[in-house]
1. Looking only at the range 85-98, which residues are farther than 20 Å from residue 50 by Cβ and either surrounded by 12 or more Cβ atoms within 10 Å (Cβ to Cβ) or within 10 Å of the chain's Cα centre (by Cα) (or both)?
2. With the checklist (1) over 23 Å from residue 77 (Cα atoms); (2) surrounded by fewer than 20 Cβ atoms within 10 Å (Cβ to Cβ) in hand, flag the one item residue 22 doesn't pass.
3. Go through the range 50-62 and give me each residue that's at pLDDT 90 or above, in contact with a helix residue (DSSP H, G or I) (Cβ under 7 Å, 6 or more places away or on another chain) and not in a helix (DSSP H, G or I).
4. For residues in the range 25-49 being within 20 Å of residue 113 (Cα to Cα) and in contact with a helix residue (DSSP H, G or I) (Cβ under 9 Å, 6 or more places away or on another chain), which is surrounded by the fewest Cβ atoms within 10 Å (Cβ to Cβ)?
5. If I filter the range 99-107 for residues that are touching a strand residue (DSSP E or B) at 6+ places or on another chain (Cβ under 8 Å), buried (at least 16 other Cβ atoms within 10 Å of the Cβ), at pLDDT 95 or above and in a strand (DSSP E or B), do I get at least one hit?
6. Among (1) in a strand (DSSP E or B); (2) under 11 Å from the mean Cα position of the chain (by Cα), there is one condition residue 35 misses while meeting the rest; what is its number?
7. Can you tell me which residue is surrounded by the most Cβ atoms within 10 Å (Cβ to Cβ) among those in the range 108-119 that are in contact (Cβ under 8 Å) with a residue 60 or more places away in the chain and assigned to a loop (DSSP other than H, G, I, E, B)?
8. Which one is nearest to residue 39 (Cα to Cα) among residues in the range 58-68 that are surrounded by fewer than 23 Cβ atoms within 10 Å (Cβ to Cβ) and touching a residue at least 24 places away in the same chain (Cβ under 8 Å)?
């Protein structure tokens, strides 16, 4: 079963770099099957990420966030639940609430009905 623990496990596989957050996001369909997944990227940008960042007054946040990466991979919009997990430098779960840009993207992807994240 895909859940927050899966996200936390995947986030731990992202190498720790000071100043960078290790997040992993999955999108599930109505039957809790994995539709798409993505981690934060500090080397890849995307026009959609820049679009949402600019609309929320944070154009400097142009690197691809895990939530938007997962949303973009769900091309057919089959997903209805988005789950994000974040780990700190020690690999412990910490708050992974979506930023303003990601909140806007999730809201505009009307197929997403549920949002969960690590605390």
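1. In the first step, residues of the range 85-98 are kept if they are farther than 20 Å from residue 50 by Cβ; the result is 85-97.
Correct list: 85, 86, 87, 88, 91, 93, 94, 96, 97.
2. (2)
3. Here is the first cut: in the range 50-62, the ones at pLDDT 90 or above are 50-58.
Narrowing the set further to residues that are in contact with a helix residue (DSSP H, G or I) (Cβ under 7 Å, 6 or more places away or on another chain) leaves 52-53, 55-56, 58.
Within the range 50-62, 56, 58 meet the criteria.
4. Looking only at the range 25-49, we keep the residues that are within 20 Å of residue 113 (Cα to Cα), and these are 25-38.
Filter once more, keeping what is in contact with a helix residue (DSSP H, G or I) (Cβ under 9 Å, 6 or more places away or on another chain): 25-27, 34-38.
Numbers: 25: 29, 26: 24, 27: 25, 34: 12, 35: 21, 36: 20, 37: 20, 38: 24.
Step by step, filter the range 25-49, then rank; the result is 34.
5. First, the residues of the range 99-107 that are touching a strand residue (DSSP E or B) at 6+ places or on another chain (Cβ under 8 Å): 106.
The next check asks that each one be buried (at least 16 other Cβ atoms within 10 Å of the Cβ); those that pass are 106.
Still in the list and also at pLDDT 95 or above: 106.
Narrowing the set further to residues that are in a strand (DSSP E or B) leaves none.
There is no residue in the range 99-107 that is touching a strand residue (DSSP E or B) at 6+ places or on another chain (Cβ under 8 Å), buried (at least 16 other Cβ atoms within 10 Å of the Cβ), at pLDDT 95 or above and in a strand (DSSP E or B).
6. Only one criterion is unmet by residue 35, namely (2).
7. Going through the range 108-119, the residues in contact (Cβ under 8 Å) with a residue 60 or more places away in the chain turn out to be 112, 116-118.
Of the ones still in play, those that are also assigned to a loop (DSSP other than H, G, I, E, B) are 112, 118.
Details: 112: 19, 118: 21.
In this case the residue turns out to be 118.
8. Residues of the range 58-68 surrounded by fewer than 23 Cβ atoms within 10 Å (Cβ to Cβ): 58-64.
Applying the additional criterion that residues be touching a residue at least 24 places away in the same chain (Cβ under 8 Å) yields 58, 61, 64.
On the way: 58: 20, 61: 15, 64: 9 Å.
For the range 58-68, the residue satisfying everything is 64.
The values are calculated or read from the model by the stated rules, or taken from the named source; none is laboratory data. Being a predicted model, the structure only gives us computed values, none of them experimental. Every residue, glycine among them, receives a Cβ derived from its backbone with ideal geometry; neighbour counts consider all protein chains shown.
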